[in-house]
Amino acid sequence: MKHRVVAPRILPVLIVLAGLCSTGPASAEQITIGKTTTVRSEILDEDRTLMISLPAGYRDEGSERYPVLWVLDGETRFLHTLGTVRSLASSGHIPPMIVVGITNTQRTRDLTPPWRGEPEEGREQMIETGGGADKFLRFLLEEARPQVRQSYRTAPFEALVGHSFGGLFAVHAITENPAAYQAFIAVSPSLWWDGGRPVKEFAEMIETRPDLAGRLYATLGDEGGDMLTQFKRFEEILRHRAPPSLAWTARVLEGEDHGSVPLPTVYYAMRTIFDRWPPPTFLADEGLDGLERHFAAVSEHYGYPVPVPENRVNLLGYRLLGEEKVDEAIAIFEKNTRDHPASSNVWDSLGDGLKAAGRLTEARDSYAKAVQLGKQENSPNLGVYEQNLAAAKESLAKR
């Protein structure tokens with residue numbers, strides 16, 4: 001399948017909040033959070049836009065691969081999803097992820113399966129314009145996914161999140177192709193579609209798939225009527241028929257309505273899907289060996305190689321430094337520079353260790369390396385690196 005890809009465009013966010021910048025037009029700055037790429041779809045016979053944001057630690061010259069989170073309704077759901085993912089990843093609760101938002105052209109067409117039952121009064125237009133979910137799933141798997149995989153270092157772990165009709169699509173996707181994604185997140189899914197047929201078809205699929213594996217997280221806000229009725233049917237099917245190999249959650253989030261439920265759902269879903277990711281607190285006493293054992297188990301559980309994250313090794317180094325085990329801390333920091341030579345942060349940390357050992361010349365050189373790389377990657381910590389380098393130079397000058 002050939003893809004015509006239009007040159008990517010920068011996806012900026014303009015800072016205009018009071019307190020973050022001074023008044024006046026010259027003070028406004030832009031933060032780049034990602035790019036947009038246009039892919040020509042032969043399946044849908046139209047151009048489609050992908051909004052792509054890479055993890056903060058993603059480097060072109062690196063080798064680490066990252067899971068991918070696909071976000072339906074990208075124009076409304078991309079930003080809050082990205083913010084949640086980045087926050088959880090920065091605190092070590094989930095892995096850093098590539099986030100891809102898919103914007104809409106004909107939303108009802110793409111996100112709904114064919115309506116096969118009797119038409120319902122008041123829904124004639126939706127029924128007439130809907131029904132293209134199978135083609136849209138093919139677009140995602142056969143055109144959008146290959147393009148992202150060719151352009152970025154993706155891991156073989158991908159999740160799909162959709163809200164409302166997008167949640168309906170997520171349920172339809174796991175019904176039609178359970179292996180398409182490793183995790184499906186259905187937010188307030190419109191399971192009333194076609195008189196609840198998506199629930200019936202999901203139940204039929206489960207009966208034929210005793211080996212069904214993967215992860216499914218579904219939520220509903222405080223919604224009544226057909227939304228609640230069909231969601232409860234869906235939950236009962238999962239409760240009584242889902243095989244143990246399918247990790248699932250279905251819950252009503254009280255106090256949330258149809259519009260607000262996506263935000264907490266993404267948070268809870270990410271924490272649940274990646275519940276095995278954070279190492280237990282006690283592993284800190286087992287040092288690097290404990291971390292390596294933990295992430296070997298994480299690799300097996302999620303199905304792709306996961307090296308011990310750079311930040312976890314760094315935290316171990318600083319713990320040893322705080323315990324005045326300076327030589328052990330330096331050995332940990334040096335390992336991190338060997339494993340992640342393009343990271344500015346690991347060189348700055350090594351500088352801290354060398355400084356604590358009184359090895360100021362080596363500390364100065366390590367801080368200088370951090371500044372050099374920090375400029376290249378436009379690190380938000382560049383100012384700290386420069387301060388550390390200046391302090392090391394000043395200390396050497398006083399000798």
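The values are calculated or read from the model by the stated rules, or taken from the named source; none is laboratory data. As the structure is a computational prediction, the values presented were derived from the model and not from experiment. Methodologically, a virtual Cβ is constructed for each residue, glycine included, from the backbone with ideal geometry; neighbour enumeration extends over all protein chains shown. Protein only, heavy atoms only, side chains kept; ligands, DNA and RNA dropped before computing areas. Shrake-Rupley method; radii C 1.70, N 1.55, O 1.52, S 1.80 Å.
As a rough guide to protection, the peptides 195-208, 304-317 ranked by mean Cβ packing within 10 Å, highest first, stand as 304-317, 195-208.
The simple Förster model, with R0 at 41 Å and r as the Cβ-Cβ distance, assigns residue 300 and residue 390 a FRET efficiency of 0.35. Where the accessible area of the chain is counted over protein heavy atoms with a 1.4 Å probe, how much of it, in %, is carbon and sulfur? Of all accessible area on the chain, carbon and sulfur atoms account for 50 percent. Rounded to whole numbers, the Karplus 3J(HN,Hα) couplings from phi for region 84-100 are 5, 4, 5, 5, 5, 5, 5, 8, x, 7, 9, x, x, 9, 7, 10, 10 Hz, using 6.51 cos²θ - 1.76 cosθ + 1.60 with θ = phi - 60°, and x at Gly and Pro. Karplus-derived 3J(HN,Hα) values for region 41-47, using 6.51 cos²θ - 1.76 cosθ + 1.60 with θ = phi - 60°, are 9, 6, 5, 9, 6, 6, 7 Hz; glycine and proline are entered as x. Here's the picture: charge each Lys and Arg Cβ at +1 and each Asp and Glu Cβ at -1 in the chain, and of 316, 122, 306 the one pushed furthest to the positive end of that dipole is 316.
Can you tell me the dipole magnitude for the chain around its Cα centre, using point charges on the Cβ only (Lys, Arg +1; Asp, Glu -1), in Debye to the nearest 20?
1000 debye
Let's test the formula: R0 of 25 Å, r as the Cβ-Cβ distance of residue 105 and residue 134. What FRET efficiency results, to the nearest 0.05? Please list the in-between numbers first.
Values: r = 17 Å, r/R0 = 0.66.
Taking R0 as 25 Å, the efficiency between residue 105 and residue 134 is 0.90.
Subtracting the Cα-Cα distance of residue 378 and residue 226 from their residue separation scaled by 0.36 nm leaves 49.7 nm.
Each of 345, 190, 159 was scored by the projection of its Cα onto the charge dipole of the chain, and the greatest displacement toward the positive side belongs to 345; charges sit on the C-beta of Lys, Arg, Asp and Glu. Amide H to amide H distances under 5 Å link residue 184 with 160, 215, 216, 217, where only residues 5 or more positions off or on other chains count and H is placed in the peptide plane. For the pair residue 361 and residue 45, the difference between a 0.36 nm per residue extended length and the Cα-Cα distance amounts to 107.6 nm. Between residue 58 and residue 149, 0.36 nm times their residue separation minus their Cα-Cα distance comes to what? Contour length minus the Cα-Cα distance gives 31.3 nm. In this structure, the pairs whose alpha-carbon distance is over 25 Å, taken from 135/232; 325/355; 335/355; 369/398; 375/398, are 135/232; 375/398.
Of the whole protein surface, residue 175 contributes about 20 Å² of accessible area at a 1.4 Å probe radius. Taken about its Cα centre, region 136-253 carries a charge dipole of about 300 debye when Lys and Arg each add +1 at the Cβ and Asp and Glu each add -1 at the Cβ. Protection proxy ranking for 339-346, 372-379, using the average of other Cβ atoms within 10 Å per residue and placing the highest first: 339-346, 372-379.
Spin-label model, residue 319/residue 90: points 7 Å from Cα along the beta carbon direction are separated by 2.3 nm.
For residue 252, the amide hydrogen comes within under 5 Å of the amide hydrogens of 220, counting only partners 5 or more places away or on other chains and with H modelled in the peptide plane. Bridging of residue 393 to aspartates and glutamates at a Cα separation below 16 Å is possible for 348, 352, 362, 365, once same-chain residues fewer than 8 apart are set aside.
Accessible area per residue for the chain, computed on protein heavy atoms with a 1.4 Å probe, is 48 Å².
Note that region 224-232 has calculated 3J(HN,Hα) couplings of x, x, 5, 4, 6, 4, 6, 5, 5 Hz, one per residue in order, obtained from phi through the Karplus relation 6.51 cos²θ - 1.76 cosθ + 1.60 (θ = phi - 60°); glycine and proline are x.
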